[in-house]
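Asker: Here it is, the structure in full.
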Amino acid sequence: QVQLWEFGGGLVQAGGSLNVSCVASGSGLNVNLMAWYRQAPGQERGWVASKAPAGKYIADAVKGRFTISREVFSNALYMERNDLKPEDSAVYYCKANTFGSSTDYWGQGIQVTVSS
């Protein structure tokens with residue numbers, strides 16, 4: 001069983017920066033991929049960025065403004081977000097899976113609001 005804990009949501013003005021973090025915990029943890037998704041009101045949850053052993057991947061909508069990094073030993077995933085726009089307002093969710101399993105684990109989500 002994997003638990004995901006997200007940190008760093010809040011309110012920020014357009015053009016500002018706000019970073020989010022996710023930490024995975026669980027016994028015998030062997031995390032493979034970690035990723036960020038987001039869901040705005042009335043919209044489906046969409047992929048933002050992910051970090052897998054093969055590399056980092058960023059959605060076109062945030063490329064150049066968001067960066068992602070991971071600390072493997074602490075099972076932590078970070079996302080630095082710059083030049084935030086009102087359309088970046090959403091609940092941000094962390095997702096992870098483990099080697100040898102097809103199960104996806106999700107965090108509870110954190111609210112990020114960008115004011116214009």
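Residues are listed down the side, and each one gets a yes or a no for (1) in contact with a Ser or Thr (Cβ under 8 Å, 6 or more places away or on another chain); (2) on the phi < 0 side of the Ramachandran plot; (3) in a loop (DSSP other than H, G, I, E, B):
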residue: L77; (1), (2), (3): yes, yes, no
residue: E80; (1), (2), (3): yes, yes, no
residue: Y92; (1), (2), (3): no, yes, no
residue: A96; (1), (2), (3): no, yes, no
residue: S101; (1), (2), (3): no, yes, yes
residue: Q108; (1), (2), (3): no, yes, yes
residue: Q111; (1), (2), (3): no, yes, no
residue: V114; (1), (2), (3): yes, yes, no
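Asker: Between a residue in region 94-109 that is over 17 Å from V48 (Cβ atoms) and any residue that is of a type in the set (V, I, T) and not in a loop (DSSP other than H, G, I, E, B), which pairs come within a Cβ distance under 6 Å, given they are 6 or more apart or on different chains?
Answerer: Filtered contacts from region 94-109: T98/V31.
Asker: Please tell me if G28 is part of a loop (DSSP other than H, G, I, E, B) and at pLDDT below 95.
Answerer: yes
Asker: Now, a different point. Consider G55 carefully, then state whether it is out of contact with any strand residue (DSSP E or B) (no Cβ under 8 Å at 6 or more places or on another chain), modelled with pLDDT under 95 and under 21 Å from V2 (Cα atoms).
Answerer: It is false that G55 is out of contact with any strand residue (DSSP E or B) (no Cβ under 8 Å at 6 or more places or on another chain), modelled with pLDDT under 95 and under 21 Å from V2 (Cα atoms).
Asker: Can you confirm whether region 77-89 contains a residue that is open to solvent by less than 50 Å² (accessible area, probe 1.4 Å) and more than 23 Å from L11 (Cβ to Cβ)?
Answerer: no
Asker: Could you check region 46-75 and list, in sequence order, the residues that are at negative phi, assigned to a loop (DSSP other than H, G, I, E, B) and not small (G, A, S)?
Answerer: P53, D60, V62, R65, V72, F73, listed by residue number.
Asker: A further question on this structure: Could you list, in sequence order, all residues of region 9-21 that are open to solvent by less than 30 Å² (accessible area, probe 1.4 Å) and part of a loop (DSSP other than H, G, I, E, B)?
Answerer: Hit for region 9-21 is G16, nothing else.
Asker: In region 17-31, how many residues are small (G, A, S) and in contact with a Gly (Cβ under 7 Å, 6 or more places away or on another chain)?
Answerer: 1
Asker: Which of (1) open to solvent by less than 30 Å² (accessible area, probe 1.4 Å); (2) polar (S, T, N, Q); (3) more than 16 Å from the chain's Cα centre (by Cα) does N97 not meet, given it meets every other one?
Answerer: Going through the list (1) open to solvent by less than 30 Å² (accessible area, probe 1.4 Å); (2) polar (S, T, N, Q); (3) more than 16 Å from the chain's Cα centre (by Cα), N97 breaks only (3).
Asker: Also: Take the residues in region 41-75 that are among the basic types (K, R) and more than 22 Å from P86 (Cβ to Cβ); name whichever of them is most open to solvent (accessible area, probe 1.4 Å).
Answerer: Across region 41-75, the extreme among qualifying residues is K56.
Asker: Considering only residues that are touching a strand residue (DSSP E or B) at 6+ places or on another chain (Cβ under 9 Å) and of a type in the set (D, E, K, R), look in region 1-52 and name the one that is farthest from V114 (Cα to Cα).
Answerer: K51
The values are calculated or read from the model by the stated rules, or taken from the named source; none is laboratory data. Small disclaimer: the values here were computed from a predicted structure and weren't measured. Note: ideal-geometry Cβ built from the backbone for every residue, glycine included; neighbour counts use all protein chains shown. To get the accessible areas, we keep the full protein, side chains included, count just its heavy atoms, and leave off ligands, DNA and RNA. Shrake-Rupley method; radii C 1.70, N 1.55, O 1.52, S 1.80 Å.
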